[in-house]
Structures are given as C-alpha cells and as structure tokens.
1. From the residues in region 34-82 that are more than 27 Å from F5 (Cβ to Cβ), assigned to a helix (DSSP H, G or I) and among the charged types (D, E, K, R), which one is farthest from the chain's Cα centre (by Cα)?
2. Looking only at region 108-133, how many residues end up being surrounded by 14 or more Cβ atoms within 10 Å (Cβ to Cβ), of a type in the set (G, A, S) and farther than 27 Å from V45 by Cβ?
3. Before we move on, is A136 in a helix (DSSP H, G or I), open to solvent by less than 50 Å² (accessible area, probe 1.4 Å), touching a residue at least 24 places away in the same chain (Cβ under 8 Å) and among the aliphatic types (A, V, I, L, M)?
4. Would you check if there is a residue in region 140-148 being closer than 24 Å to L13 by Cβ and not in a helix (DSSP H, G or I)?
5. How do the pairs read when you match residues in region 152-169 that are under 11 Å from E106 (Cα atoms) with residues anywhere that are β-branched (V, I, T) and in a helix (DSSP H, G or I), using Cβ under 9 Å and keeping only pairs 6 or more apart or on different chains?
6. Any residue in region 84-98 that is in a loop (DSSP other than H, G, I, E, B) sitting within a Cβ distance under 7 Å of a residue that is open to solvent by less than 40 Å² (accessible area, probe 1.4 Å)? List the pairs, counting only those 6 or more apart or interchain.
7. Can you confirm whether P28 is surrounded by fewer than 16 Cβ atoms within 10 Å (Cβ to Cβ) and either in contact (Cβ under 8 Å) with a residue 40 or more places away in the chain or not β-branched (V, I, T) (or both)?
Amino acid sequence: RGRWFTVATVVVLQVLWTNLHTLFLFGPVLAWCFVFGDGLQRLIVRVRANDAAPRPALINVFLLVAAVGAGGACWVNPYFHDGAMYAFQMYRETRGEHATNQFIGEMRSPLGIPLGDWTWDLVAAAALAVIAVVIACLTRRRFDVVRTGILLLGLILFAQLQRNAPLLA
C-alpha cells in the first residue's frame, strides 16, 4: 500500500514539475534510469546467483509504473502535447547555429567557454563533479548501476549546456 502511495506521489510531483519548470523532462528520464538500472542490477544478481538461491524478478513493477506515470504526467499541462514536447523543441534550439544557442549564454556548452571565463557556479559544479567521481571510485562496491548511470547522465548534460550545471551539482 505504501509503495502505491509513493508511485502516486511521484506522478503528482511530476505534474507539478511539468507545470512549473521547463526542465520537467528530467523526471521521466530519471525514473526510466531507475527502471533500467534496477533491471540491469537484478540481471547481474541473477547471473551471479547459484542455482539454489532465489532469483529476483527482472522488473520492479512499482518502478515501471512510476516511470510510465511520470512520463504520462508530462501531458498534464495547459498545452497538452505541445507542452509535453517543449523540452525536445528547446533541445533542438540549443544545437548548431540556432539563435537560442547564439544569444542565450546559459544555452552554450561549458566546454566551449574558456576556463578563465567560467562563472563561480560552473567552477562549483565541476568541482562537485570531481568529488562525486572520486566518491564513486572510493565506494565502488556500494555504487550500483543506477547511481553510475545518473552520474554519467549529469556529466553528459553538463558538457552540453551551461544551464545543466545545477543538475550535475
């Protein structure tokens, strides 16, 4: 019963996030990271287990329902499909020679900015990224597939847009 309440809470929070911030797409992305990461972790446990040990199911139903619900919640906004697709439109506009990429500073890649021109928040995010990687290496036995995937996702997003520095941090 408590798990279903948690799933419902995830969906309600995603509806709020969708209607309050343009980076709402990260809710479903993170949810699906947990579904696939947990499934991969379960597969690893299955492969390593001996024949006498009980084998876990490959899919956690609660995580799957939460991910589908978080994805569906993106359509609960005043613009319906157009609102749900807004994140993809913004992504396209931050590529290449589009005006959004050229004139809005936070839409530029930090890797394209000279280190001397980095603002304090970029330096802080990069420092926290280094600390996170060091912690991951030091605690690698407890650092599972999901955490590894989310850390890599944060690093990739930071490399693409200045705007993603807080997500990495």
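The values are calculated or read from the model by the stated rules, or taken from the named source; none is laboratory data. Keep in mind that what you see is a predicted model, and the values were worked out from it rather than measured. Neighbour counts are summed over all protein chains in view; Cβ atoms, including those assigned to glycine, are modelled from backbone coordinates with ideal geometry. Only protein heavy atoms, including side chains, enter the accessible area calculation; ligands, DNA and RNA are left aside. Shrake-Rupley method; radii C 1.70, N 1.55, O 1.52, S 1.80 Å.
1. Taking the candidates together, the pick is R48.
2. Residues in region 108-133 being surrounded by 14 or more Cβ atoms within 10 Å (Cβ to Cβ), of a type in the set (G, A, S) and farther than 27 Å from V45 by Cβ: 5 in total.
3. Numbers: in a helix (DSSP H, G or I): yes; open to solvent by less than 50 Å² (accessible area, probe 1.4 Å): yes; touching a residue at least 24 places away in the same chain (Cβ under 8 Å): no; among the aliphatic types (A, V, I, L, M): yes.
When the stated conditions are applied, A136 does not pass them.
4. yes
5. N164/I156
6. Listed by first residue and then by second, the contacts come to T94/T100; T94/N101; T94/M107; T94/L161; R95/N101.
7. Working: surrounded by fewer than 16 Cβ atoms within 10 Å (Cβ to Cβ): no; either in contact (Cβ under 8 Å) with a residue 40 or more places away in the chain or not β-branched (V, I, T) (or both): yes.
Criteria not met by P28.
Residues checked against (1) at pLDDT 80 or above; (2) open to solvent by 70 Å² or more (accessible area, probe 1.4 Å); (3) among the basic types (K, R):
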residue: T9; (1), (2), (3): yes, no, no
residue: Q14; (1), (2), (3): yes, no, no
residue: V35; (1), (2), (3): yes, no, no
residue: N50; (1), (2), (3): no, yes, no
residue: R55; (1), (2), (3): no, yes, yes
